[in-house]
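The values are calculated or read from the model by the stated rules, or taken from the named source; none is laboratory data. In this text the structure is predicted, and so the values were computed from the model without any measurement. Please note: Cβ atoms are built from the backbone with ideal geometry, for glycine as well, and neighbour counts cover all protein chains shown. SASA here: full protein model, heavy atoms, side chains in, ligands and nucleic acids out. Shrake-Rupley method; radii C 1.70, N 1.55, O 1.52, S 1.80 Å.
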Amino acid sequence: MRDVLDELMETWKAGETAGVATVVQTFRSAPRPAGASMVVAPDASAYGSVSGGCVEGAVYELAQEVVVAGEAVLHRYGVSDDDAFAVGLTCGGILDVFVEPVSKTTFPELGDVAADIEAGTPVAVATVIAHPDTTWVGRRLVVRPEGTTGGLGSDRADAAVADDVRGLLAAGRTATLTYGPHGERRGEGMRVFVASYAPKPRMLVFGAIDFAAAVARQAAFLGYQVTVCDARPVFATAARFPDAHEVVVSWPHKYLAKQVEAGAIDERTVICVLTHDPKFDVPLLERALQLEPPHRPAFVGAMGSRRTHDDRLARLREAGVGEDAIARLSSPIGLDLGARTPEETAVSIAAEIIALQWGGRGDRLSARDGRIHHEAD
């Protein structure tokens with residue numbers, strides 16, 4: 001919903017009703033992930049996408065019908081055996097799409113949720129998308145680290161779902177959970193879709209060089225909160241890094257230590273070390289590679305030639321960094337794309353981060369068989 005929130009809020013603030021379709025679960029080679037949304041406004045305009053084009057028309061019509069009927073619907077879209085080009089996904093995937101009417105009446109908490117998302121405050125929305133008692137469908141529980149608002153239908157259900165949602169929110173994950181009709185841990189009947197809106201994941205780029213500017217631009221495009229850090233004030237300037245959200249003048253290892261102490265490094269954080277200068281790299285990597293959960297970053301990569309890499313490893317071992325920690329280092333950073341320019345290198349680095357996040361191998365898809373999309377580990 002984050003991508004269509006502005007358009008949805010226009011309708012909500014005007015006191016009108018929008019049809020909102022959200023992908024709540026995917027199977028096989030589905031084109032859009034869970035959480036992808038489409039908003040159909042009262043003037044019949046549409047924003048966002050749930051399938052990249054495959055079933056947009058059918059979802060658009062269903063969203064309009066749902067607004068008229070005033071009742072939410074969970075619908076499954078997949079390949080049609082009779083005609084693959086009928087309403088279905090010709091890519092072979094299956095989507096479960098929850099379509100609901102959204103207004104101040106049906107979702108009174110939306111204004112506060114939108115404010116939290118805009119401020120970067122963690123918040124999650126748990127919505128009942130299927131239940132034996134249809135009066136439960138569409139009920140919501142808004143979950144924040146400090147408490148909840150709304151309700152699903154019983155105290156037991158609220159308590160069970162709130163506990164699970166806080167775990168998903170801490171990891172920034174969106175998922176569909178299954179319970180018994182009253183929130184029983186063992187059982188089926190109630191399905192709850194959890195949309196987590198955690199702050200953006202961070203990318204820390206160390207080294208204020210031309211490659212860093214390109215990496216910052218690519219990272220911002222991918223949705224990271226980007227910080228560029230360098231100890232040299234003449235190079236670490238906002239003018240040189242317009243795409244970074246923050247430019248810091250500090251010794252890298254000292255800045256990282258302060259961020260860990262402040263609780264600002266988590267398991268979604270990505271660290272790119274681009275200085276390839278041992279007086280900056282080694283103290284920084286010594287600390288970054290030995291961080292433990294929940295402060296262990298998702299990725300630590302360092303730029304440099306094969307010779308620089310070998311020298312870096314020797315220095316890390318001399319500093320007492322163990323082999324398990326060293327194995328977490330991606331060096332030389334990036335995938336083998338044949339990159340030459342800073343912009344091409346930034347794409348290579350981003351590609352490696354994406355591949356590690358989703359379990360991809362970086363091969364050419366045309367040279368492989370089987371599924372295109374991977375599930376997160």
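May I have the count of lysine pairs in the chain with C-alpha atoms under 22 Å apart, counting pairs 8 or more residues apart or located on different chains?
Lysine pairs meeting the criterion: 4.
Counting only GluC sites (Glu not before Pro) that DSSP places in a loop and that have at most 12 other Cβ atoms within 10 Å, the longest clean stretch of the chain runs over 189-374.
Of interest is the spacing of the C-alpha centroids, which for the range 283-326 and the range 35-73 amounts to 48 Å. Top mean-square fluctuation among Leu356, Leu110, Leu365, Gaussian network model of the chain, C-alpha springs under 10 Å? Per the Cα network of the chain with a 10 Å cutoff, Leu365 tops the list. Highest mobility in the GNM of the chain, judged by mean-square fluctuation with C-alpha springs under 10 Å and restricted to Ala257, Ala213, Ala126, is found for Ala257. Computed 3J(HN,Hα) for the range 14-26, one whole-Hz value per residue from the Karplus formula 6.51 cos²θ - 1.76 cosθ + 1.60 where θ = phi - 60°, is 7, x, 9, 10, 10, x, 10, 10, 10, 5, 10, 7, 10, glycine and proline marked x.
Using Stokes-Einstein with the Kirkwood hydrodynamic radius over Cα pairs, what translational diffusion coefficient do you get for the range 134-184 at 4 °C and a viscosity of 1.567 mPa s, in µm²/s rounded to a whole number?
Rounded to a whole number, D works out at 114 µm²/s.
For the range 277-286, putting each phi into the Karplus relation 6.51 cos²θ - 1.76 cosθ + 1.60 with θ = phi - 60° gives couplings of 10, x, 5, 9, 5, 5, x, 5, 5, 4 Hz, in residue order, rounded to whole numbers and with x for Gly and Pro. Inverting the pair-averaged 1/r between distinct Cα atoms of the chain gives 22.8 Å as its Kirkwood hydrodynamic radius.
The relative contact order of the range 271-347, computed from alpha carbon pairs under 8 Å that lie at least 6 residues apart in sequence, is 34 percent. Averaged over its residues, the chain has an accessible area of 49 Å² per residue, based on protein heavy atoms and a 1.4 Å probe. Every Cα-Cα pair of the range 160-246 was included, and the share exceeding 20 Å stands at 53 percent. For the chain, the antiparallel share of DSSP beta bridges with both residues in that region comes to about 70%.
Once backbone amide H atoms are built at 1.01 Å from N, Gly304 has Ile333 as its partners under 5 Å, excluding neighbours fewer than 5 places away on the same chain.
Between Asp155 and Glu261, what's the calculated FRET efficiency when r is the beta-carbon distance and R0 is 35 Å? Round to 0.05. The formula returns an efficiency of 0.35 here. The phi torsions of the range 174-189, fed into the Karplus equation with coefficients 6.51, -1.76 and 1.60 and a -60° offset, translate into couplings of 10, 7, 9, 10, 10, 9, x, x, 10, x, 5, 5, 9, x, 9, x Hz, rounded to whole numbers, with Gly and Pro shown as x. The fraction of accessible area contributed by carbon and sulfur in the chain is 50 percent, rounded to a whole number (1.4 Å probe; ligands and nucleic acids excluded).
Label-to-label distance, Thr121 versus Ala327, with points set 7 angstrom from Cα along the beta-carbon direction: 4.3 nm.
Of all segments of the chain bounded by trypsin sites (Lys or Arg not before Pro) found in a DSSP loop with no more than 13 other C-beta atoms within 10 Å, the longest spans 1-184. Report summary: the helix-based calculation at 222 nm, which adds -39500 (n - 2.57) for every DSSP H run with n ≥ 4 and divides by the residues of the chain, gives -9500 deg cm²/dmol.
Put a dot 7 Å past the Cα of Val68, heading toward its Cβ, do the same for Gln357, and the two dots end up 4.0 nm apart. For Lys13 and Glu56, the FRET efficiency from 1/(1 + (r/R0)^6), where r spans their Cβ atoms and R0 equals 25 Å, is about 0.45.
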